[in-house]
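Below is one structure, written out as structure tokens; comments come after it.
The values are calculated or read from the model by the stated rules, or taken from the named source; none is laboratory data. All figures in this text were calculated on a predicted structure; none of them were measured in a lab. Neighbour counts run over all protein chains shown; Cβ positions are idealised from the backbone, glycine included. These area figures cover heavy atoms from the full protein model, side chains too; ligands, DNA and RNA do not enter into them. Shrake-Rupley method; radii C 1.70, N 1.55, O 1.52, S 1.80 Å.
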Amino acid sequence: MLTRVAEGVLVHESEFVQSNAVVVLGPAGVLLIDPGVTASELDCLVGDLADLGQAVVAGFSTHPHWDHVLWDARFGEAPRYGTARCAAAIRAELSDPDAKARIADHLLETEIAGQVPLDLLGLITGLPAGTTQVPWDGPRVRVIEHEAHAPGHAALLIEERGVLVAGDMLSDVLIPMFESDDTADPFDDYLAALLLFEGVAGDVEVVIPGHGSVGGSAELKTRIDQDRAYVHALRDGRDVDDPRVGPSAKPGWEWVSDVHEGQRERPARRSD
Ligand SMILES: [Zn+2]
């Protein structure tokens with residue numbers, strides 16, 4: 001089911017980790033961001049778009065983690081964009097012929113084992129480095145690329161709608177999660193990305209996290225502060241006071257505390 005969150009912006013929420021696919025309406029069709037996750041949910045999204053009489057004219061993946069680079073053949077042949085570094089990262093991963101089998105194995109540990117179509121996973125066209133706007137016929141969508149959470153991660157700001165599509169940050173249920181390459185400082189990278197969000201926050205009325213609840217402008221500021229406090233505490237080796245971990249975690253999200261414990265021991269582990 002698609003839910004309207006702003007003029008011309010709709011969200012399809014998955015039962016899996018509250019993943020949000022985003023639909024942006026344009027004059028000749030829609031921009032589809034991070035579609036997923038299970039086959040039945042993709043069926044639903046295909047049906048909802050057909051009911052709206054909308055074709056997909058462009059896709060975008062916020063970052064190269066498996067749950068953000070899915071696709072369904074019925075969305076058609078539209079270009080599927082990501083940042084250059086996002087496209088390079090998923091291409092490198094898929095150059096290993098066992099990559100999809102490994103993702104399928106990982107999914108065996110979840111409640112959606114065998115339900116995720118991986119055929120069209122990761123076929124991302126990288127936008128030239130430094131691209132500031134998604135090239136499509138529709139409302140202007142600014143690309144805010146940064147180094148937090150995953151290589152080539154980008155948030156998207158749908159400027160005329162006041163909507164920030166955050167990718168895997170600014171969640172009410174997931175803590176900041178880190179994936180470092182050899183050179184990066186994952187904490188500095190994360191804090192820098194939060195500063196970028198703070199810089200546009202005055203233009204944002206709706207924030208859509210990759211996983212979790214859609215929030216308003218006050219909630220955006222709360223989540224920036226919350227993510228920053230978490231990163232500072234982890235960086236400085238202090239205990240965290242964060243509603244997303246420990247006894248205050250929402251029912252069903254207790255595993256986030258395990259992720260936190262893992263990050264406390266080794267902050268730069270792969271986050272997926
Ligand atoms: Zn991710």
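Run the 1.4 Å probe and let me know the accessible area of residue 102, rounded to the nearest 10 Å².
130
Which angle between 0 and 90 degrees, to the nearest 10, do you get for helix 217-236 versus the longest principal axis of the chain when only C-alpha atoms count?
40
Of 111, 13, which has the most accessible area and how do the rest follow, probe 1.4 Å?
From most exposed to least exposed: 111, 13.
When a/c reaches 1.5 or more, the comparison of a/b and b/c decides; with that in mind, is the chain rounded, prolate or oblate per its Cα gyration tensor?
Note, shape of the chain comes out rounded.
Give the relative contact order (percent, whole number) for the chain; include only Cα pairs under 8 Å separated by 6+ residues.
Relative contact order here is 15 percent.
Using modelled amide H (1.01 Å from N, peptide plane; none on Pro or chain starts), what sits under 5 Å from the amide H of residue 125, excluding residues fewer than 5 places away?
For residue 125, whose amide H was placed from the backbone, the distant partners under 5 Å are 80, 81, 82.
Could you go through segment 45-51 in sequence order and give the Karplus-derived ³J(HN,Hα) for each residue, using 6.51 cos²θ - 1.76 cosθ + 1.60 with θ = phi - 60°, rounded to whole Hz, and x for Gly and Pro?
Taking θ as phi minus 60°, the curve returns 5, 4, x, 5, 5, 4, 4 Hz for segment 45-51.
Taking the Cβ-Cβ separation of residue 198 and residue 91 as r and a Förster radius of 30 Å, what is the calculated FRET efficiency to the nearest 0.05?
For R0 = 30 Å, the calculated efficiency reads 0.40.
Label segment 133-244 by shape, choosing from rounded, prolate and oblate, from the square roots a ≥ b ≥ c of the eigenvalues of the Cα gyration tensor; if a/c is under 1.5 it is rounded, and otherwise prolate applies when a/b is larger than b/c, oblate when it is not.
Since a/c reaches 1.5 but b/c is at least a/b, the shape of segment 133-244 is classed as oblate.
Applying 1/(1 + (r/R0)^6) with R0 = 30 Å to the Cβ-Cβ distance of residue 108 and residue 137, what FRET efficiency is obtained, to the nearest 0.05?
Calculated value: 0.15.
So what is the 222 nm mean residue ellipticity for the chain from helices alone, if each DSSP H run of at least 4 adds -39500 (n - 2.57) and you divide by all residues, rounding to the nearest 500 deg cm²/dmol?
Counting only the DSSP helices, I get -9000 deg cm²/dmol.
Hey, if we sort 3, 110 by accessible area with the 1.4 Å probe, largest down, what's the order?
Heavy-atom accessible area, descending, gives 3, 110.
Quick one: accessible area per residue over the chain, 1.4 Å probe, rounded to a whole number of Å²?
Per-residue value: 43 Å².
Report the accessible area of residue 105, computed with a 1.4 Å probe over the heavy atoms of all protein chains in place, in Å² rounded to the nearest 10.
The accessible area comes out at roughly 90 Å².
Out of all DSSP beta bridges with both ends in segment 1-149, state the antiparallel percent to the nearest 5.
For segment 1-149, the DSSP antiparallel bridge percentage is about 60.
Per residue of segment 19-28, in order, report the coupling 6.51 cos²θ - 1.76 cosθ + 1.60 (Karplus, θ = phi - 60°) as ³J(HN,Hα) in whole Hz, putting x for Gly and Pro.
After applying 6.51 cos²θ - 1.76 cosθ + 1.60, I find 6, 10, 8, 10, 10, 10, 7, x, x, 10 Hz.
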